[in-house]
Amino acid sequence: MRRNVAAALTLLALVALAGCNAPIDGEGRPDPVFDRIGWENGHWYDDPIRVSADDGLNEREREVVVARAMARIEHLRGKEFRRSVPVEVISRQEYSERYGGGGGRDRFDDQLYEALLLVGENSSTADDRGQALDASVQGFYSTRGGEIVLVSDSATPTVDRSTLVHELVHALQHQQLSLGVATETQDARRAQLSVIEGEANNLQTMYADRCGETWDCIDRPTRQGSGGGGNGDLNLGLFLTIYAPYATGPEFVEAIRDRGGWAAVDALYEQFPRSTEQVIHPEAYPDERPEAVTVADRSTDEWNRYDRDPPGDRAGEAAIYAMLWANGAVDVQGRAVYDYESRYSAGWAGDRIVPYRNGDRGGYVWASRWDTTADAREFVRAYRAILGSRASQRPARNVYVLPESDEFGDAFRVTRDGRRVRIVNGPTVGALDRIGGDE
């Protein structure tokens, strides 16, 4: 018995000695016998490293930087990476070819964002979205490969510390929590992304706050522009819908963390917010769910809905705010544009946009419901003001006709019944009844 115990102790001592190698840089604490929170691939979270980022990072330098960043994220979040996260470097041209957002028109999406007065009839939502992403992306986490992809035209790219930390958080989420699931509406997907991106932004800020104070950090590279050219032609309204999770998510996640710490944040991945309204107004989570809004099909035979079940899609409060801002209806009055709050979009309770088509022609019915009659009245006032400032004809009290020269040159009928608002769009005034029925 004593011999077995002695043998076991000798074996443990040998294992411990084998694990006590000094880090690559010859500094810091010994390596632990087993992986643990705050240590990754030979580096503790508070280890110094001898890496110069001025001339970019070669593959070995990237491995060192990534390992220490992973250890620091573990230390901040209290969760362990289950496996290493490789880094691939591709050129911006290769990114555009492999991951670019363009590549053909989606008429359903085009009609959806036309209803939001964000993408005109002669534009493509896919192309505008692709331009917004291609011009700004520096790196991203690929769930397919479980790797970080850096976009750079240099084989030894300068690595933006914030980009690296942000994408490593996504890797940790992928390994330990969730990166969300397919949802019925774009609004619900933006709400999911607000949790995912909000946590990543929060940890990115927590990391940065310790740099130069308690942690030694590599310098951030000097910005040389986005790499994708200027943003003079960028669709800023559409970009505002894309950016919503990054802007509203951090405050939402912070509010939930204030309620119950990281355990409450973990629970978000089991019950994501259902709408961007809950994200913009954290007090609405989890109880204030969006109301189900349906659109009765009153169209004649020549006008057909797109084959989706349920029909159409939900815009949500963040996208409605983007529409109002892009069309000059929101006066932020000193507040940040990215607050996503306005008197005209607050009070949203639910909505549904149902696109229709007749050959090459399109139209839609957009029904929305609001918390109160006053909220519905505020939205209608702002929406009608947008149409009224651009209309060339007003054939009826609730009907607006925009000229063909306008990128949204169609006919619109806007009605309100208590808390419910109904907008019908078609290429001509006569088409309004054939798409949305007689009102």
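A few comments on the model shown:
- Segment 290-399, accessible surface, carbon-and-sulfur percent (1.4 angstrom probe): 42
- You can think of it this way: the chain between Glu288 and Tyr246 has 12.9 nm of extra reach, that is 0.36 nm per residue less the Cα-Cα gap.
- Whole-Hz ³J(HN,Hα) from phi, Karplus 6.51 cos²θ - 1.76 cosθ + 1.60, for segment 370-377, glycine and proline x: 10, 4, 9, 4, 5, 5, 4, 5
- At full extension, Arg259 and Gln393 could sit 43.0 nm farther apart than now, given 0.36 nm per residue minus the alpha carbon distance.
- Put Thr428, Thr214 in order of accessible area, highest first, and with a 1.4 Å probe you get Thr214, Thr428.
- From helices alone, the chain scores -13500 deg cm²/dmol at 222 nm; the rule is -39500 (n - 2.57) for each run of n ≥ 4 DSSP H residues, then divide by the residue total.
- Which labelled figure in (i) 25.3; (ii) 20.9; (iii) 24.4 is Kirkwood radius over Cα pairs in Å, once derived from the coordinates: (iii)
- Within the assembled protein chains, the solvent-accessible surface assigned to Thr185 is about 10 Å², based on a 1.4 Å probe.
- Accessible surface ranking for Glu251, Glu88, 1.4 angstrom probe, highest first: Glu251, Glu88.
- Most tightly packed first, judged by the mean number of other beta-carbon atoms within 10 Å of their residues, the peptides 355-363, 237-245 read 237-245, 355-363.
- Per residue, the accessible area of the chain comes to 47 Å² when a 1.4 Å probe rolls over the protein heavy atoms.
- Shape category assigned to segment 59-202 from the gyration tensor of Cα positions, a/c cut at 1.5: oblate
- Count Lys and Arg as plus one, Asp and Glu as minus one, and take only other residues whose Cβ is under 13 Å from that of Arg394; the net charge is then +4.
- Estimated FRET transfer efficiency (Thr156, Arg343; beta-carbon r; R0 41 Å; 0.05): 0.20
- Separation in nanometres of the label points that stand 7 Å from Cα toward Cβ, at Ser84 and Asn304: 5.4
- Accessible heavy-atom area order of Met70, Met206, highest first, probe of 1.4 Å: Met206, Met70
- Prolate/oblate/rounded call for segment 238-354, Cα gyration tensor, a/c under 1.5 rounded: oblate
- Ligands, DNA and RNA excluded, the heavy atoms of Phe272 present near 30 Å² of accessible surface to a 1.4 Å solvent probe.
The values are calculated or read from the model by the stated rules, or taken from the named source; none is laboratory data. Please read these numbers as outputs of a predicted model, since none were measured by experiment. Cβ atoms come from the backbone with ideal geometry, glycine included; neighbour counts cover every protein chain shown. Calculation scope for accessible area: heavy atoms of the full protein, side chains included, ligands and nucleic acids excluded. Shrake-Rupley method; radii C 1.70, N 1.55, O 1.52, S 1.80 Å.
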